[in-house]
Amino acid sequence: MDETDAELVHSVRRGDRRAAGRLLQRYLRACRAVALAVTGVEADADDVCQDAFVVAVERIDDCRDPAKFGKWLLQIVRNRARNLLRSDSGRRQVSLSDTTPAGDPSPATRVERTELRERLLGALAQIPEQHREVILLHDLEGWKHREIAERLGLPEGTVRSHLHHARRRLRRILEDGGTLDE
Amino acid sequence: MSDLERMDLSALDPARDPEHWSRLTETTRLRIEASLESRRGTPKVLDILAAWHRPILAAAAVLALAFGLADAAISARGGALDGASGARRLAALSDNSLGRGLRPTGTELMIALKARSAR
């Protein structure tokens, strides 16, 4: 049976590397999703999720409720991502093509995928940040409504509503060629 | 409210480039381990107090020994002073007796010495 977040946090406080590795495995992708929801830039999201996780481990004693480690961690991610936006806005213009995987089969496919990512990120940029977090955690990371509600500190009904509106608006934006006038 | 179908966001999946994602995960893991290592090396308040325990006891033992030696030295000095005053009393007794043309008797000498040890 999987150890709970609280058990893992207590182990990390005792210096247990394995427990830290388990938390990393459990949350790094979600951290990246939240960082992407805030920054809108994949390279920045990578940096933020990594730094935030290290900071969380360094300040693990400050996590007042170890059972809510996920919520606490994602708040660190959000804060760091927002700080990055405030302090380093120029860097956000990095082209997504810079992060194109080297292992893609052909230049044409790479361009196609890059365009798809740009369209998705462009569409995401047009919906509220909290809607972006919800849809990325649900549709990309596969979290359940309840998990998202607990870790974002929202009522489950609100999560469902955000997800519904986010999907509807994203679809409309993508169908309309990337812009939505409302 | 109808729940719309899940959207395909796989183009944003960080693991679409497994090498990059694996490198990022590994770098994060190493940084966390380094942090845990330095955490082990950073003593907490209780650890610091515990670490002081032994030196404090050692210092207390040294001080106790020093005080003991000083006390013994002072006592020894006090004994010498007692001896000097006893000698003075014996000298005074002898002087007094000789002044009267007499020798101090054994009883008088014993009384003078007892007077010294009684101090």
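Return the Rg/Rh ratio of segment A:104-182 with Cα-based radii and a Kirkwood Rh. If you can, show how the numbers build up before the last one.
Working: Rg = 14.4 Å, Rh = 13.5 Å.
Rounded to two decimals, Rg/Rh equals 1.06.
Relative contact order (percent) for segment A:1-48, with alpha-carbon contacts under 8 angstrom and 6 or more residues of separation?
Over segment A:1-48, the number comes to 23 percent.
Can you list, by residue number, the Cys in chain A that have no neighbouring cysteine C-beta under 4.7 Å?
Those would be A:C63, since no other cysteine Cβ in chain A comes under 4.7 Å of theirs.
Only Lys, Arg, Asp and Glu count, each charged at its Cβ (+1, +1, -1, -1), so figure out the dipole size of segment A:1-61 about its Cα centre, rounded to 20 debye.
Dipole magnitude for segment A:1-61 comes out near 240 debye.
Under a no-solvent Debye model with one identical scatterer per Cα of chain A, what's log10 I(q)/I(0) at q = 0.15, 0.16 Å⁻¹?
The calculated log intensity ratios at q = 0.15, 0.16 Å⁻¹ are -0.93, -1.04.
Rule-based calculations on the coordinates, nothing more; no lab input. In this text, all values refer to a predicted model and were calculated from it rather than measured experimentally. Using ideal geometry, Cβ is built from the backbone for each residue, glycine included, and neighbour counts are taken over all protein chains shown.
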